[in-house]
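A.B. asks: The following block contains the structure, expressed as structure tokens.
The values are calculated or read from the model by the stated rules, or taken from the named source; none is laboratory data. Owing to the predicted nature of the structure, the values given are computational and were not obtained by experimental measurement. Cβ sites come from the backbone with ideal geometry, for glycine too, and all protein chains shown count toward neighbours.
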Amino acid sequence: MKQKEAWKILCEELDGEYIESKHFKVPRVELYYKSFKFCIDTYTVSTGQSTITYTRMRTIFINKPEFRFKVYKEGFFQKIGKALGMADIEIGDAHVDDKLIIKSPDEYMVKDLLSKEKIKEQLISIKNISLKIDKKFYENASQLYREGTLTQTVTGVVKDVEILKSWYYLFSAIIDGMIDLDITEDVVPEHSVFKDVK
């Protein structure tokens, strides 16, 4: 199945919008959950000798405590690091702790969030996890906007509708969890459009 066909099916199933490529911009999908917009697109990075294309899903949200974390699949080098005592947050569920590396300066908050059953179910079910929340600041003369970006990124162009749907359900569960923990609120952020390339 081609990317365009798969992404259009995704939009039909999740009531989203497929936006065609134009003016040198790649095609993208916009999905919605409560007040939040989830954007799926691709970007390409040059390594000098070759290029690597990535697929990502992102959403912007009001990040009240400037919360940050990274969650990614445990690989060979991470297993060695764990054995040597590399700092890693564990949430107390072996299904998650044995599969994933969790990093955050907010240990107790990330434990509270990722311990929620719906989030754990999605984290366990998704094969390639590379998930993070970064904080973003926008400042003008009169007001400081404090927002965060939730991003899931994998190598290659993802054309599997079920994988993309699983990302959507993970994001939805994380948004619900963050609202419950008062990390964010169900409102549209001041800056809801991604302007950066990567």
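For (1) in contact (Cβ under 8 Å) with a residue 24 or more places away in the chain; (2) under 25 Å from residue 148 (Cβ atoms); (3) not in a loop (DSSP other than H, G, I, E, B), each residue gets a yes or a no:
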site: 30; (1), (2), (3): no, yes, yes
site: 39; (1), (2), (3): yes, yes, yes
site: 45; (1), (2), (3): yes, yes, yes
site: 52; (1), (2), (3): yes, no, yes
site: 55; (1), (2), (3): yes, yes, yes
site: 58; (1), (2), (3): yes, yes, yes
site: 61; (1), (2), (3): yes, yes, yes
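A.B. asks: For the range 161-186, what are the residues that are loosely packed, with under 12 Cβ neighbours inside 10 Å and either in a loop (DSSP other than H, G, I, E, B) or modelled with pLDDT under 95 (or both)?
C.D. replies: 182, the sole residue that qualifies.
A.B. asks: I'm checking my understanding of the structure. Among residues of the range 29-85 that are on the phi > 0 side of the Ramachandran plot and surrounded by fewer than 15 Cβ atoms within 10 Å (Cβ to Cβ), which one is modelled with the highest pLDDT?
C.D. replies: 34
A.B. asks: Could you please find all residues in the range 1-25 being outside any helix (DSSP H, G or I) and surrounded by 16 or more Cβ atoms within 10 Å (Cβ to Cβ)?
C.D. replies: Answer for the range 1-25, where residues must be outside any helix (DSSP H, G or I) and surrounded by 16 or more Cβ atoms within 10 Å (Cβ to Cβ): 16, 18, 19.
A.B. asks: Please find, within the range 105-126, the residue that is surrounded by the fewest Cβ atoms within 10 Å (Cβ to Cβ) out of those that are assigned to a loop (DSSP other than H, G, I, E, B) and over 14 Å from the mean Cα position of the chain (by Cα).
C.D. replies: 105
A.B. asks: Working only within the range 147-178, note down all residues that are among the acidic types (Asp, Glu) and in contact with a strand residue (DSSP E or B) (Cβ under 7 Å, 6 or more places away or on another chain).
C.D. replies: Passing the criteria: only 147.
A.B. asks: With the checklist (1) modelled with pLDDT under 95; (2) hydrophobic (A, V, I, L, M, F, W, C); (3) farther than 26 Å from residue 184 by Cβ in hand, flag the one item residue 9 doesn't pass.
C.D. replies: It is condition (1) that residue 9 fails.
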